[in-house]
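Shown next, in structure tokens, is the structure this report addresses.
Quick note: the coordinates plus some simple rules give every number you see, no bench work behind them. Everything numeric here is computed off the predicted structure, so don't read it as measured data. Reconstructed Cβ throughout: ideal geometry from the backbone, glycine too, with neighbour counts over all protein chains shown.
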Amino acid sequence: MWAELKRPKRMAGSARLCVTNQKGGVGKTTVAINLAGALNDLGRDVLFVDLDPQGNATEGLGLLEAYDAEPPALLDALVDPTAVPRDEIIYSHAEMDVITSNVDMNAAESALMQESDPEARLDALLEHVETDYDVVVVDCPPHLGLLTDNALYATENLVIPALAEPTSKRSLELLFDYVGALELEHDVQIEPRALVANRIENTRAATDMLEWFEDALPDVPLYRIRKRVALQRAFAAGTSIFAAEEETDMQSVFTSMAETIDERLDPTEVPA
Ligand SMILES: Nc1ncnc2c1ncn2[C@@H]1O[C@H](COP(=O)(O)OP(=O)(O)OP(=O)(O)O)[C@@H](O)[C@H]1O
Ligand SMILES: [Mg+2]
């Protein structure tokens with residue numbers, strides 16, 4: 001009965017996922033870029049969307065000049081997807097196409113609030129531009145608000161990075177409460193696809209938290225990303241670790257995350 005109330009699943013187009021945790025600095029951007037790099041490494045055509053007004057992913061993909069580019073930019077395309085030519089907002093990167101963030105995105109929450117369907121603007125934009133992609137990966141800002149609502153509503157698939165420390169218990173509780181409320185409000189069903197314990201170090205506290213993650217979310221695949229300077233170096237070089245010169249043992253973790261996500265997303269949405 002409940003399922004019938006949900007809006008119908010898209011049967012065509014790209015698989016979509018967003019990387020979200022309202023807590024700042026837990027590794028959303030790092031995970032988003034490297035998951036996108038891993039999906040590309042598997043042969044998928046990836047569209048990356050930097051929905052964070054900070055523009056960190058835009059910087060970490062070497063596209064900082066787009067952040068200061070004159071309008072029209074991402075916010076204009078969110079307000080009216082048909083008004084902005086694709087080429088104005090989609091930038092090429094060696095591993096993926098990128099809809100970059102822009103300084104104008106700092107005004108996004110108040111600007112989108114004026115629209116009749118403020119949470120559905122990214123969905124409308126993706127419907128307009130995504131025809132050529134297998135997967136869309138969206139990096140979210142570090143707060144729960146209209147931009148994160150747009151990411152959750154458009155993708156319905158969630159990747160959650162969290163530090164292996166006790167503060168993550170409360171941030172995950174807040175996130176799941178928020179997602180539950182959004183599902184009810186907008187008739188969507190949002191699936192957590194991966195929990196990424198990030199920046200793990202060899203401490204007792206980290207080991208305890210990894211056990212807590214496993215117990216708290218037994219149905220969500222848990223991935224363990226250790227603290228690695230190679231991730232920071234790849235960011236500084238404007239690529240994922242898959243296109244970086246330096247090898248890192250975290251590649252296999254991101255590859256396994258990408259493979260599982262790829263399998264679990266609707267096969268009608270991701271051509272084999
Ligand atoms: N596994 C890791 N090993 C080493 N450094 C990491 C790791 N993960 C993230 N970092 C570093 O930690 C910092 C925060 O990471 P990141 O920007 O990905 O977090 P975020 O959640 O996107 O932050 P924000 O909430 O501001 O968007 C960055 O300097 C990043 O390079
Ligand atoms: Mg970030």
In whole Hz, the Karplus estimates of ³J(HN,Hα) for region 62-68 (6.51, -1.76, 1.60; θ = phi - 60°; x where Gly or Pro) are x, 10, 4, 4, 5, 5, 9
Rounded to the nearest 500, what is the chain's calculated 222 nm mean residue ellipticity when only DSSP H runs of at least 4 contribute -39500 (n - 2.57) each, over all residues?
-> -12000 deg cm²/dmol
Under-5 Å amide H pairs with residue 45, H placed in peptide plane, nonlocal only = 134, 135
1/(1 + (r/R0)^6) with r = Cβ-Cβ of residue 237 and residue 42, R0 = 22 Å, i.e. FRET efficiency to nearest 0.05, evaluates to 0.55
FRET efficiency for residue 264 and residue 106 from the Cβ-Cβ distance with R0 = 35 Å, rounded to 0.05, comes out at 0.50
How many angstrom separate the Cα center of region 240-260 from the Cα center of region 48-110?
-> 25 Å
